[in-house]
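In what follows, a single structure is set out as structure tokens and then discussed.
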Amino acid sequence: MNQSSTIDVEQDSPSAELCPIEVDGRQVLLLGTAHISSESVEQVRRAILEKRPDTVCIELDPQRHQSLRNRNRWSELNLFQVIRKGQAPFLLANLALASFQKRMGLQTGIQPGAELLAAAETAEQEGLGVELIDRNIRTTLLRAWRKTGLWRKLMLVVTLVASMFEKQEINEDELARLRQTDTLSAMLEEMGELMPHVKTILVDERDIYMAEKIRQAPGEKILAIIGAAHRPGIIRQLQQPARPERLSELDHVPPKSTWSKGLPWLLPAVVILAFILGFFYGDRSQMAGAAVAWILANGLLSALGTIIAFGHPATVLSAFIAAPITSLNPTIGAGMVAGLVQAFVAPPKVRDLEQVGDDLAHLRGWWRNRVTRVLLVFFFSSLGSAVGTLVAFHWLKDLF
């Protein structure tokens with residue numbers, strides 16, 4: 001297998017970030033970009049027009065590609081189906097990530113991922129082949145979630161929520177520095193120290209995945225448009241022997257662990273067992289007080305979470321009623337009930353569906369937009385119920 005390790009930057013390239021490498025006797029050009037840089041949009045277009053590759057590989061999966069192309073995709077969102085199918089956490093995580101990029105994009109006046117969309121459109125206009133080489137975002141997030149322990153899951157949730165409140169200031173000069181490999185490598189090293197499992201799945205696995213996809217792209221000259229953070233890793237992978245079987249491995253979503261499956265049932269079982277043992281062996285006079293404590297702790301804190309999310313009064317009432325019951329039933333949660341009620345009594349209007357993308361950029365927009373408010377109701381009512389369950393255990397111990 002003929003593979004060259006030539007990775008020097010071309011002197012005549014339209015960008016100092018266009019790196020050629022020979023892979024299996026073919027020329028692969030790697031263009032590292034910043035996803036919120038107007039300069040990257042022009043670099044991508046120039047690279048395609050000047051280099052005239054046989055195929056343009058783009059750091060997108062079909063879902064993200066359609067999201068960039070279809071500005072009206074939110075009008076097709078069915079919140080009821082999202083909540084009923086248990087997809088609300090996934091959608092909320094996606095929106096939190098999009099919000100972070102959107103706020104950075106506002107600093108430079110460019111839509112996040114605009115250079116990737118420009119690459120696809122320019123290649124199509126020129127009659128060149130287009131390959132979407134990134135792994136499905138849902139698969140990536142699920143692998144990160146399933147392969148992360150409980151404590152790191154909490155850290156991941158906190159990080160995503162915190163990103164919604166963080167004010168990001170950035171300009172083109174800072175972006176230019178971010179596109180330098182050394183700076184990005186240092187950032188990834190820091191991420192690896194804080195959350196190594198997440199970094200491995202979000203970055204390293206995708207480097208492997210995209211490198212294999214680039215190998216499989218047709219043509220003698222391949223231009224790959226990728227985020228600058230992925231370029232060093234993809235270069236390393238392209239210098240290794242081909243292993244196409246890794247694609248199926250990296251597309252596999254590991255099943256829930258036995259502990260993850262059992263934990264939602266364990267807590268209700270402990271509560272029910274506590275009441276049973278308290279009735280037969282404990283102080284029966286404490287039974288009524290413990291039951292009231294359970295109802296109030298779950299109901300009030302779930303209702304409080306709904307109020308924080310600016311839920312409708314009917315939604316607040318539903319959260320108060322549902323939380324004590326759903327906390328004993330792992331198949332349905334307080335957030336699901338509250339979210340469905342909120343979507344019914346305060347359904348999104350056309351304006352909300354059209355403005356979701358823009359409202360994500362502002363903290364106030366999360367609460368103003370009826371689409372994201374439903375998701376906030378889901379999150380905060382669920383959080384309130386979970387905290388209420390832990391608080392209620394303080395009273396349950398008095399049964400013995």
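The numbered conditions (1) β-branched (Val, Ile, Thr); (2) outside any helix (DSSP H, G or I); (3) modelled with pLDDT of 80 or more are all true for Thr139 except (2). Can you give me the ranges of the helices (runs of 4 or more DSSP H) entirely in region 192-272 with at least 1 residues that are in contact with a Gly (Cβ under 7 Å, 6 or more places away or on another chain), within 18 Å of Glu59 (Cα to Cα) and outside the structural domain of Thr331 (by TED's automatic domain parsing)? Output list reads 196-199, 205-216, 231-238.
Yes or no, residue by residue, for (1) in a helix (DSSP H, G or I); (2) in the same structural domain as Pro268 (by TED's automatic domain parsing); (3) of a type in the set (Ser, Thr, Tyr):
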| position | (1), (2), (3) |
| --- | --- |
| Leu301 | yes, yes, no |
| Phe310 | no, yes, no |
| Leu317 | yes, yes, no |
| Leu340 | yes, yes, no |
| Leu375 | yes, yes, no |
| Ser385 | yes, yes, yes |
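Just wondering, is there one or more residues in region 82-94 that are of a type in the set (S, T, N, Q), more than 18 Å from the chain's Cα centre (by Cα) and modelled with pLDDT of 70 or more? No, that holds for no residue. The residue list Ala228, Ala224 contains one member that is buried (at least 17 other Cβ atoms within 10 Å of the Cβ), within 24 Å of the chain's Cα centre (by Cα) and over 16 Å from Arg26 (Cβ atoms), which is Ala228. Screening Thr306 on (1) out of contact with any helix residue (DSSP H, G or I) (no Cβ under 6 Å at 6 or more places or on another chain); (2) surrounded by 24 or more Cβ atoms within 10 Å (Cβ to Cβ); (3) β-branched (Val, Ile, Thr) shows it passes everything except condition (1).
Taking first residues from region 117-132 that are within 18 Å of Asn70 (Cβ to Cβ) and partners that are surrounded by fewer than 17 Cβ atoms within 10 Å (Cβ to Cβ) and of a type in the set (A, V, I, L, M), no Cβ contact under 7 Å between residues at least 6 apart in sequence or on separate chains turns up.
Right, Val341: in contact (Cβ under 8 Å) with a residue 24 or more places away in the chain, farther than 15 Å from Pro89 by Cα and crowded, with 21+ Cβ neighbours inside 10 Å or not? Against the criterion (in contact (Cβ under 8 Å) with a residue 24 or more places away in the chain, farther than 15 Å from Pro89 by Cα and crowded, with 21+ Cβ neighbours inside 10 Å), Val341 qualifies.
Candidates in region 39-68 are the residues that are modelled with pLDDT of 85 or more and either of a type in the set (Asp, Glu) or not assigned by TED's automatic domain parsing to the domain that holds Glu126 (or both); of these, the one that is farthest from Ile214 (Cα to Cα) is Glu42.
The values are calculated or read from the model by the stated rules, or taken from the named source; none is laboratory data. Quantities reported herein were computed from a predicted structural model and do not represent experimental measurements. Positions of Cβ are generated from backbone atoms using ideal geometry, with glycine treated the same way; all protein chains shown enter the neighbour counts.
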